[in-house]
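Read through the structure below, which is laid out as structure tokens, and then see the notes.
The values are calculated or read from the model by the stated rules, or taken from the named source; none is laboratory data. Predicted, not measured: the structure shown is a model, and the values here were computed from it. Glycine also receives a Cβ, built like all others from the backbone with ideal geometry; neighbour counts cover every protein chain displayed. What goes into the accessible areas is simple: the full protein's heavy atoms, side chains included, and nothing from ligands, DNA or RNA. Shrake-Rupley method; radii C 1.70, N 1.55, O 1.52, S 1.80 Å.
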Amino acid sequence: MARLLIVEDEHRIASFLAKGLGAEGHQTTVAGDGLLGLDLALSGSFDLVILDIGLPAMDGYQVLQRMRESGSLLPVIVLTARDSVADTVSALEGGADDYMSKPFSFAELLAR
């Protein structure tokens, strides 16, 4: 069982992810904004972060940047509606381990 942090401000998507990942045996926690997401990500309590880019308070790029600046090696999968090559490259160069665009296949997320 992995401890997963879902940083997603859209309640419907966050709930879908938490329910589906929970059914797969994972323990999930949801943060609805970037500031809370960053605090939780740096807590040392998680095995993976699923991170949206368009977040209130602090966007996902900033969350990722601050995580990496703090020395965090916590794996991050960016899951966002932004699907341009520039966005993908920016996130990966910023320290994301993987990048998926919405809409997404839940089976693909599980495989990653």
Anything in the range 20-45 that is part of a helix (DSSP H, G or I) and either closer than 24 Å to Asp59 by Cα or β-branched (Val, Ile, Thr) (or both)? List them, or say none.
Leu21, Gly34, Leu35, Leu36, Gly37, Leu38, Asp39, Leu40, Ala41
Can you find even one residue in the range 69-82 that is open to solvent by less than 60 Å² (accessible area, probe 1.4 Å), modelled with pLDDT of 95 or more and among the charged types (D, E, K, R)?
no
So Leu48 ticks every box in (1) in contact with a Pro (Cβ under 7 Å, 6 or more places away or on another chain); (2) open to solvent by 50 Å² or more (accessible area, probe 1.4 Å); (3) touching a residue at least 24 places away in the same chain (Cβ under 8 Å) but one. Which box is left unticked?
(2)
List the residue pairs whose Cβ atoms are under 8 Å apart, where the first residue sits in the range 85-112 and is more than 13 Å from Gly60 (Cα to Cα) and in contact (Cβ under 8 Å) with a residue 24 or more places away in the chain, the second is open to solvent by less than 80 Å² (accessible area, probe 1.4 Å) and not aliphatic (A, V, I, L, M), and the two are 6 or more positions apart or on different chains.
Lys102/Thr80; Phe106/Gly20; Arg112/Asp98
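Restricting to the range 46-76, and then to whatever is assigned to a helix (DSSP H, G or I) and within 10 Å of the chain's Cα centre (by Cα), can you tell me which residue is nearest to Leu17 (Cα to Cα)?
Filtering the range 46-76 for residues assigned to a helix (DSSP H, G or I) gives 60-69.
This time we only want the ones that are within 10 Å of the chain's Cα centre (by Cα), so: 60, 63-64.
On the way: Gly60: 17, Val63: 20, Leu64: 20 Å.
It comes out as Gly60.
Which count do you get for residues in the range 25-45 that are farther than 15 Å from Ser72 by Cα and loosely packed, with under 13 Cβ neighbours inside 10 Å? Spell out how you get there, then give the answer.
Narrowing the range 25-45 to residues farther than 15 Å from Ser72 by Cα: 25-36.
Add one more test, that the residue is loosely packed, with under 13 Cβ neighbours inside 10 Å, and what stays is 25.
Final tally of qualifying residues: 1.
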